[in-house]
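Structure, as structure tokens:
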Amino acid sequence: MPSELTVQTVTQLAYLVAAALFILGLKRMSSPVTAVSGVRWAGVGMVLATVVTLGLMGASSFNLMLVIGAIAIGGVVAWVSGKRVAMTNMPQMIALYNGMGGGAAAAIAAVELYRGSEHGMTHLTIATIGGFIGSVSFSGSLIAFAKLQGLITKSVRFGGQKFLNLAILLITVALGVMVVSGVHSDLPLVSLFFVFALLLGVTMTLPIGGADMPVVISLYNALTGLAVGFEGFVLDNAAMIIAGTVVGAAGTLLTQLMAKAMNRSLGNVLFSNFGETSSGGGAGVTGTQKAIEASDAGVMMAYSQKIIIVPGYGMAVAQAQHKVWELTQLLIDHGVKVRFAIHPVAGRMPGHMNVLLAEAGVPYDLISDLDEINAEFETADVALIIGANDVVNPDARANRASPIFGMPILNADKAKNVVVIKRGQGQGFSGIDNALFVLDQTRMLYGDAQAALGQLIQAVKAAG
Ligand code: NAP
């Protein structure tokens with residue numbers, strides 16, 4: 001039999017290795033080249049931490065059976081849904097699974113708080129804070145999921161809503177203080193604390209417009225990490241503390257980056273009604289769009305020296321990434337220099353375009369971020385916009401009246417020619433017209449991105 005000390009040492013060492021794997025995995029996820037292996041590294045870390053924790057439970061324990069049962073059911077559901085989910089539905093899936101993490105952290109807190117006074121004050125305080133954050137993240141993420149899935153189609157707003165939320169927050173905090181300060185074995189009080197914390201997540205998220213949901217999901221992701229970190233302290237589990245802190249920090253950074261790329265502040269996201277109220281049309285765009293045939297656009301591109309491709313949400317909807325790569329290869333064979341310009345919030349989730357282009361086999365050295373490529377549009381013969389809209393709207397730079405004024409955009413309007421592939425006059429995510437589409441040098445190639453690219457490929461081939 002190994003001594004208790006040996007078990008302790010081996011456990012802590014295993015947690016340290018698991019934590020190192022999480023951090024290295026996360027580091028590798030920051031580049032598309034190494035991202036898949038990063039996910040695997042972090043996954044191995046997670047398996048290691050889980051196995052070691054299960055080992056501590058004792059072989060014959062009934063609880064062990066329950067945990068293994070739960071892991072098996074959860075694992076199968078996650079595996080099947082992960083395989084099936086369409087790329088465009090990824091944000092709501094992330095919301096759902098993130099919510100589960102918050103719920104799990106809150107459940108740990110609930111067990112500790114229902115147990116009551118056998119723990120000290122510090123222990124209970126940490127459990128309560130983690131329980132609060134986890135509950136808000138759980139119910140808030142479920143509402144975010146329901147909104148993105150179209151289960152909740154309206155944003156619930158009424159006068160005095162912010163005061164109601166503030167009141168719920170204050171009541172929750174008061175209940176939390178009462179739980180910690182001695183009345184903690186009182187089951188109804190603990191239950192009431194959780195009811196109010198869950199309610200706060202719901203009332204906070206209900207008024208937020210669908211447009212801001214991805215930022216909110218990222219925020220809840222950070223909160224879930226924080227809650228897990230707190231509960232790691234409660235359970236004295238180093239792997240949970242480190243994993244939770246890493247998720248909390250990464251989620252906070254991602255939230256900030258997304259808010260910045262959309263030119264919003266977090267306060268603005270949480271407390272204003274952007275996205276639902278933006279008027280549509282508007283922002284003073286006048287002029288008419290000029291159409292172009294695929295055959296003419298193909299000839300223009302075949303005889304260009306430099307083309308910058310800007311993919312957007314429409315490319316994802318049409319699943320046109322393979323056709324984009326086919327066209328790119330053809331153009332490169334024609335001696336054209338082709339680059340891809342990726343806006344940080346193109347599509348509907350961070351890294352959306354990078355993932356799709358990587359899936360199609362586009363080499364990473366052809367892909368550039370906004371900062372790297374923006375100065376190059378001036379020297380491009382053609383900017384080919386594929387289902388992108390808001391991320392190339394020059395009003396964001398020039399029109400103070402525009403709702404997206406101040407958002408950094410790709411300078412496609414500086415290219416000598418602009419070819420835009422989209423189905424019709426449809427607006428983008430922010431529901432406003434695009435000044436780029438009516439510029440003198442812009443031509444619209446109307447159609448579904450996949451079909452239009454197919455025609456372009458034929459046209460480039462025909463150009464010899
Ligand atoms: P976008 O502004 O939403 O525009 C997409 C365009 O694609 C539409 O105007 C639509 O026009 C066209 N389209 C749709 N289906 C198509 C198809 N099958 N074939 C061809 N075109 C199609 O997209 P974006 O330029 O990528 O901008 C992203 C927007 O999402 C930004 O406003 C950003 O703030 C927001 N957002 C992004 C994230 C993120 O993390 N990436 C998160 C939240 C919000 P037609 O209907 O005329 O075809």
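Is the range 372-393 home to any residue that is at pLDDT 95 or above, among the small types (Gly, Ala, Ser), under 20 Å from Tyr313 (Cβ atoms) and assigned to a strand (DSSP E or B)? Within the range 372-393, one or more residues are at pLDDT 95 or above, among the small types (Gly, Ala, Ser), under 20 Å from Tyr313 (Cβ atoms) and assigned to a strand (DSSP E or B).
Is it true that some residue in the range 383-392 is surrounded by fewer than 21 Cβ atoms within 10 Å (Cβ to Cβ) and over 23 Å from the mean Cα position of the chain (by Cα)? Checked against the condition, which is being surrounded by fewer than 21 Cβ atoms within 10 Å (Cβ to Cβ) and over 23 Å from the mean Cα position of the chain (by Cα), the range 383-392 yields no hits at all. For the range 405-424, the set of residues classified as farther than 14 Å from Ala383 by Cβ, of a type outside the set (Gly, Ala, Ser) and more than 6 Å from the ligand (Cβ to nearest atom) consists of Phe405, Met407, Pro408, listed by residue number.
State whether one or more residues within the range 349-363 are more than 10 Å from the ligand (Cβ to nearest atom), free of Cβ contacts under 8 Å to residues at least 24 places away in the same chain and part of a loop (DSSP other than H, G, I, E, B).
Residues of the range 349-363 more than 10 Å from the ligand (Cβ to nearest atom): 354-363.
Those still in the list that are free of Cβ contacts under 8 Å to residues at least 24 places away in the same chain too: 363.
Filter once more, so that each one left must be part of a loop (DSSP other than H, G, I, E, B): 363.
Checked against the condition, which is being more than 10 Å from the ligand (Cβ to nearest atom), free of Cβ contacts under 8 Å to residues at least 24 places away in the same chain and part of a loop (DSSP other than H, G, I, E, B), the range 349-363 yields at least one hit.
Among the residues here, Ala341 does not qualify as within 12 Å of the ligand (Cβ to nearest atom) and touching an Asp or Glu at 6+ places or on another chain (Cβ under 6 Å). State which residue is modelled with the highest pLDDT when the search covers only the range 207-225 and only residues that are surrounded by fewer than 24 Cβ atoms within 10 Å (Cβ to Cβ) and away from the ligand (no atom under 12 Å from the Cβ). Filtering the range 207-225 for residues that are surrounded by fewer than 24 Cβ atoms within 10 Å (Cβ to Cβ) and away from the ligand (no atom under 12 Å from the Cβ), the one modelled with the highest pLDDT comes out as Ala222.
Is it fair to say Leu384 is within 30 Å of Gly464 (Cβ to Cβ) and touching a residue at least 60 places away in the same chain (Cβ under 8 Å)? Outline the logic, then answer.
Numbers: within 30 Å of Gly464 (Cβ to Cβ): yes; touching a residue at least 60 places away in the same chain (Cβ under 8 Å): yes.
Here the answer is yes, as Leu384 does meet what is asked.
Could you check, for the range 431-438, whether at least one of its residues is out of contact with any strand residue (DSSP E or B) (no Cβ under 7 Å at 6 or more places or on another chain), modelled with pLDDT of 95 or more and not polar (S, T, N, Q)? Scanning the range 431-438, I find at least one residue that is out of contact with any strand residue (DSSP E or B) (no Cβ under 7 Å at 6 or more places or on another chain), modelled with pLDDT of 95 or more and not polar (S, T, N, Q), so the answer is yes.
Quick check on Phe22: is it closer than 30 Å to Phe193 by Cβ and either aromatic (Phe, Trp, Tyr) or in contact with an Asp or Glu (Cβ under 7 Å, 6 or more places away or on another chain) (or both)?
On the way: closer than 30 Å to Phe193 by Cβ: no; either aromatic (Phe, Trp, Tyr) or in contact with an Asp or Glu (Cβ under 7 Å, 6 or more places away or on another chain) (or both): yes.
Answer is no for this residue.
Yes or no, residue by residue, for (1) of a type in the set (Asp, Glu); (2) within 24 Å of the chain's Cα centre (by Cα); (3) under 28 Å from Gln455 (Cα atoms):
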{"position": "Glu376", "(1), (2), (3)": "yes, no, yes"}
{"position": "Thr379", "(1), (2), (3)": "no, no, yes"}
{"position": "Asp395", "(1), (2), (3)": "yes, no, no"}
{"position": "Ala398", "(1), (2), (3)": "no, no, no"}
{"position": "Lys422", "(1), (2), (3)": "no, no, yes"}
{"position": "Asp433", "(1), (2), (3)": "yes, no, yes"}
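Surrounded by fewer than 15 Cβ atoms within 10 Å (Cβ to Cβ) and either touching a His at 6+ places or on another chain (Cβ under 7 Å) or under 22 Å from Gly229 (Cα atoms) (or both): which single residue out of Leu21, Leu13, Leu5, Leu26 fits that description? Before you say what the answer is, go through the steps one by one.
Numbers: Leu21 fails: surrounded by fewer than 15 Cβ atoms within 10 Å (Cβ to Cβ); Leu5 fails: either touching a His at 6+ places or on another chain (Cβ under 7 Å) or under 22 Å from Gly229 (Cα atoms) (or both); Leu26 fails: surrounded by fewer than 15 Cβ atoms within 10 Å (Cβ to Cβ).
Being surrounded by fewer than 15 Cβ atoms within 10 Å (Cβ to Cβ) and either touching a His at 6+ places or on another chain (Cβ under 7 Å) or under 22 Å from Gly229 (Cα atoms) (or both) holds for just one of Leu21, Leu13, Leu5, Leu26, which is Leu13.
Restricting to the range 322-332, count the residues that are free of Cβ contacts under 8 Å to residues at least 40 places away in the same chain and within 16 Å of the ligand (Cβ to nearest atom). Please lay out each step first, then the result.
Step one: list which residues in the range 322-332 are free of Cβ contacts under 8 Å to residues at least 40 places away in the same chain, which gives 322, 325, 328-329, 332.
From the residues that got through so far, the ones that are within 16 Å of the ligand (Cβ to nearest atom) too are 322.
Selection size over the range 322-332: 1.
Within the range 438-457, the set of residues being within 12 Å of the ligand (Cβ to nearest atom) and part of a strand (DSSP E or B) comprises Met444, Leu445, Tyr446. Looking across Ala110, Ala105, one residue alone is within 27 Å of the chain's Cα centre (by Cα), of a type in the set (A, V, I, L, M), surrounded by 14 or more Cβ atoms within 10 Å (Cβ to Cβ) and part of a helix (DSSP H, G or I). It is Ala105. The numbered conditions (1) within 26 Å of the chain's Cα centre (by Cα); (2) farther than 23 Å from Gly131 by Cβ are all true for Ala72 except (1). Could you please let me know if Gln92 is at pLDDT below 90 and over 18 Å from Ser218 (Cα atoms)? Criteria not met by Gln92.
Against the condition of a type outside the set (A, V, I, L, M), within 15 Å of Ala144 (Cα to Cα) and more than 15 Å from the ligand (Cβ to nearest atom), how does Thr252 come out, does it pass?
Working: of a type outside the set (A, V, I, L, M): yes; within 15 Å of Ala144 (Cα to Cα): no; more than 15 Å from the ligand (Cβ to nearest atom): yes.
Judged against the criteria, Thr252 is not a match.
The values are calculated or read from the model by the stated rules, or taken from the named source; none is laboratory data. Predicted model only: the values in this text are computed from it and were never measured. Positions of Cβ are backbone-derived with ideal geometry, glycine not excepted, and every protein chain shown enters the neighbour counts.
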